[in-house]
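> Here it is: the structure, laid out below.
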Amino acid sequence: MRVLITGAAGFLGSHLADRFLRDGHAVVGLDNFVTGSPDNIAHLMGNTAFEFLHHNISNFTYVAGALDGVLHFASPASPIDYLEHPIPTLKVGALGTHNALGIAKAKQARFFLASTSEVYGDPLVHPQPESYWGNVNPIGPRGVYDEAKRFAEALTMAYHRFHGLDTRIVRIFNTYGPRMRPRDGRVVSNFIVQALTGAPITIYGDGTQTRSFCYVDDEVEGIYQLFQRGDAMPVNIGNPVEFTVRGLADLVVELTGSASAIVHKPLPEDDPKVRQPDITRARQVLGWEPRVPVREGLARTIAHFRATLGAGARA
Ligand code: UDP
């Protein structure tokens with residue numbers, strides 16, 4: 001196969017490129033480096049099965065040659081990133097998805113949308129099955145991401161129903177692991193970097209809000225399986241083991257042996273109070289479930305940050 005991955009220099013996009021290449025497929029990676037980094041794909045340069053296009057998928061995009069798949073992973077995904085880039089976030093979910101769908105249709109390729117647990121907003125159903133329609137504030141600060149992804153899902157289903165395009169939608173829950181940017185603002189990277197540098201660990205609010213954290217290798221394997229074997233209806237891919245943010249902070253302190261103090265900061269507006277994927281569908285359709293326990297995944301991620309932070313990291 002030859003597949004196009006938008007956002008290929010991002011955290012998930014780069015791991016996904018690795019996964020396709022590992023099975024002998026060819027990858028065209030596209031990224032404009034708004035939040036992605038050349039470092040994430042540096043190891044692929046010189047690989048004849050990998051081509052790179054430095055381009056913004058929200059603008060008209062031409063890709064030469066045949067494609068079997070188009071996987072649309074380009075988007076800021078950390079709350080602080082999409083607050084900093086609200087309009088590019090809306091554009092890549094809307095115009096970027098339209099362009100990526102257009103490429104898939106022209107090439108008669110399978111289309112795969114990276115959607116998100118954010119489509120459930122601050123959920124009133126817990127855990128969240130794919131059948132839940134969500135509780136999203138369209139005009140709040142997170143609306144730029146949530147509504148862009150909800151529109152992207154609607155557009156993908158329209159291409160599926162109207163044009164008969166072969167499509168997939170994954171709803172990705174909180175994912176962590178090597179290649180997260182140390183300062184991308186997300187809770188796992190923040191806590192680890194704070195713990196390793198001796199900085200205070202910043203819990204937003206009282207820390208009773210929950211998230212469920214999936215190690216990147218598990219997430220990417222679920223995505224890869226869904227691309228090949230799923231159907232058009234959305235599938236949650238995430239790890240259902242749920243933590244309070246306070247519980248995560250305690251675990252990071254334990255695993256790093258850090259002396260960092262814990263401090264509280266204001267809870268961001270519309271921060272979801274709970275989040276846990278119902279992965280019944282992923283188990284049934286794909287036979288997939290996560291394998292890496294959170295302790296082990298965190299230990300691997302801590303080792304990665306220790307190495308990349310270098311001399312700046314204590315402990
Ligand atoms: N959070 C926190 N401290 C931080 C960063 C995040 O307490 O330094 C909280 C945040 O308020 C949210 C959770 O951790 O409740 C997960 O935040 P993240 O930015 O990772 O992504 P989200 O799941 O909200 O999209």
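Bear in mind that the values in this text are calculations on the coordinates, not laboratory data. Predicted model, so just to flag it, every value in this text is computed and none were measured. Counting neighbours? That spans all protein chains shown, and the Cβs are built from the backbone with ideal geometry, glycine included.
> Anything in the range 163-182 that is more than 23 Å from Glu221 (Cα to Cα) and within 13 Å of the ligand (Cβ to nearest atom)? List them, or say none.
Pro182
> Among the residues of the range 197-216, are any in contact with a His (Cβ under 7 Å, 6 or more places away or on another chain), within 27 Å of Phe33 (Cβ to Cβ), surrounded by fewer than 23 Cβ atoms within 10 Å (Cβ to Cβ) and in contact (Cβ under 8 Å) with a residue 60 or more places away in the chain?
yes
> Right, next: Collect the residues in the range 188-203 that are near the ligand (Cβ under 10 Å from one of its atoms), in contact with a Ser or Thr (Cβ under 9 Å, 6 or more places away or on another chain) and of a type in the set (Val, Ile, Thr), keeping them in residue-number order.
Within the range 188-203, Val188, Ile201 meet the criteria.
> Provide a single number: the residues in the range 269-293 that are in contact with a Phe, Trp or Tyr (Cβ under 6 Å, 6 or more places away or on another chain) and under 19 Å from Phe243 (Cα atoms).
The number of residues fulfilling the criteria is 2.
> Filter the range 137-182 down to residues that are more than 19 Å from His85 (Cβ to Cβ), touching a strand residue (DSSP E or B) at 6+ places or on another chain (Cβ under 6 Å) and among the charged types (D, E, K, R) and give me whichever is surrounded by the fewest Cβ atoms within 10 Å (Cβ to Cβ).
The extreme case among them is Asp166.
> Right, here's the next one. Anything in the range 110-129 that is outside any strand (DSSP E or B) and either under 23 Å from Val63 (Cα atoms) or within 16 Å of the ligand (Cβ to nearest atom) (or both)? List them, or say none.
Ser117, Glu118, Val119, Tyr120, Asp122, Pro123, His126, Pro127
> If you don't mind, another one. Can you name every residue in the range 192-215 that is farther than 23 Å from Pro272 by Cβ and touching a Gly at 6+ places or on another chain (Cβ under 7 Å)?
The one that is farther than 23 Å from Pro272 by Cβ and touching a Gly at 6+ places or on another chain (Cβ under 7 Å): Thr197.
> Is the range 96-105 home to any residue that is without any contact (Cβ under 8 Å) to a residue 12 or more places away in the chain, exposed (fewer than 15 other Cβ atoms within 10 Å of the Cβ) and more than 19 Å from the chain's Cα centre (by Cα)?
no
> Contact list please: Cβ distance under 8 Å, first residue in the range 259-284 and under 29 Å from Gly198 (Cβ atoms) and free of Cβ contacts under 8 Å to residues at least 24 places away in the same chain, second residue among the β-branched types (Val, Ile, Thr) and more than 9 Å from the ligand (Cβ to nearest atom), pairs at least six apart or on different chains.
Sorted first by the residue in the range 259-284, then by its partner, the list stays empty.
> If only one of Gly185, Gly207 is touching an Asp or Glu at 6+ places or on another chain (Cβ under 8 Å) and within 7 Å of the ligand (Cβ to nearest atom), which one is it?
Gly185
> While we're on this one: If Ile223 meets every condition in (1) within 10 Å of the ligand (Cβ to nearest atom); (2) hydrophobic (A, V, I, L, M, F, W, C); (3) within 15 Å of the chain's Cα centre (by Cα) apart from one, which number is that one?
Going through (1) within 10 Å of the ligand (Cβ to nearest atom); (2) hydrophobic (A, V, I, L, M, F, W, C); (3) within 15 Å of the chain's Cα centre (by Cα) one by one, Ile223 breaks only (1).
> May I ask you to list the residues in the range 138-164 that are assigned to a helix (DSSP H, G or I) and touching a Leu at 6+ places or on another chain (Cβ under 8 Å)?
Selection gives Val144, Glu147, Ala148, Ala152, Glu153, Leu155, Thr156, Tyr159.
> Being surrounded by 15 or more Cβ atoms within 10 Å (Cβ to Cβ) and more than 16 Å from the ligand (Cβ to nearest atom) narrows it down to one residue among Pro290, Pro240, Pro272, Pro277; which is it?
Pro290
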